[in-house]
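Enquirer: Below is a structure I'd like to ask you about.
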Amino acid sequence: MIARLLSLCVPAVLALGLSSCQTMAPIQGMMPPGILRGADGTLYYDPNAQGTQGGVFGGTHMGPPPDVISHWDGGPGNGPARIRIDRAEQTAYFYRGDQLIGKSWLSTGDEKHATPAGSFKILQKNKWHKSSRYGAAVDAAGNVVDAEVDIKKDKLPPGTKYEGAKMTNFMRLTYDGIGMHAGYLPGYPASHGCIRMPEEMSELFFNNVELGTPVVIE
């Protein structure tokens, strides 16, 4: 799996400093070295985790590619806030009127869980939202028994409970669960349909949108 990931991603990393790899998603239940999952199902990168020595890019530990996209200029702009999300570029653009205020790197839905295109509005803001569908099965001690649970489809193992994945700074776009939020960004589309952002950028977007702010997904 790692060899396949490298063969698909390295050319883009070398050329752009950022991997798009839009046709590649991790095999369910398998994760690259150094990618860990917390008890609540949240993925994160630990460069000190056992096994990271096995995968390197040019002498550095293999992990998420560097974020060369995100920035925030701020400023009043010249009109109301609006957001444009480009799935091909894996980038969100934040405007006030026609003035670009900031950009954020993204990870949108994978091949099996596509992020829908169209015109949307912010329907809800929830700083500490957790997924009601995707997460992990944990035992009484908090140990992850099954890291990939779809509570609508999967039966929990005996003696476990469901822990929804964290979706901090959640900005809801649809009533069936699609929204923007802080999350893990591996360098390619990998979510269940939501729009993951770096935590810092998700907070900036969250603090600068209102209910009704228009969002266009291309």
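Enquirer: Are any residues in the range 99-113 surrounded by fewer than 19 Cβ atoms within 10 Å (Cβ to Cβ) and at pLDDT below 95, and if so, which ones?
Expert: Passing the criteria: Glu111, Lys112, His113.
Enquirer: Does Glu199 qualify as being surrounded by fewer than 24 Cβ atoms within 10 Å (Cβ to Cβ), over 17 Å from Ile122 (Cβ atoms) and touching an Asp or Glu at 6+ places or on another chain (Cβ under 8 Å)?
Expert: In short, no.
Enquirer: Within the range 129-148, can one find any residue that is modelled with pLDDT of 95 or more, under 16 Å from the mean Cα position of the chain (by Cα) and closer than 22 Å to Glu210 by Cβ?
Expert: The answer is no; no qualifying residue exists.
Enquirer: So, one more: Determine if the range 117-135 includes at least one residue that is farther than 25 Å from Val68 by Cβ, without any contact (Cβ under 8 Å) to a residue 60 or more places away in the chain, basic (Lys, Arg) and buried (at least 18 other Cβ atoms within 10 Å of the Cβ).
Expert: no
Enquirer: Let me ask something else about it. Mind listing just one residue for me: the one in the range 173-183 that is farther than 16 Å from Asn207 by Cβ and surrounded by 18 or more Cβ atoms within 10 Å (Cβ to Cβ) and, of those, nearest to the chain's Cα centre (by Cα)?
Expert: Only one residue fits best here, namely Gly183.
Enquirer: Would you pick out the residues in the range 73-90 that are buried (at least 16 other Cβ atoms within 10 Å of the Cβ) and in contact with a Leu (Cβ under 9 Å, 6 or more places away or on another chain)?
Expert: Gly77, Ile85, Arg87, Gln90
Enquirer: What strands (runs of 3 or more DSSP E), lying completely within the range 131-218, carry at least 3 residues that are closer than 19 Å to His113 by Cβ and of a type in the set (D, E, K, R)?
Expert: 144-150
Enquirer: Just to check your reading of the model, which residue among Gly187, Gly212, Gly193, Gly183 is modelled with pLDDT under 95 and farther than 23 Å from Arg133 by Cα?
Expert: Gly187
The values are calculated or read from the model by the stated rules, or taken from the named source; none is laboratory data. All figures in this text were calculated on a predicted structure; none of them were measured in a lab. Here the Cβ is made from the backbone with ideal geometry for all residues, glycine too, and neighbour counts use every protein chain on show.
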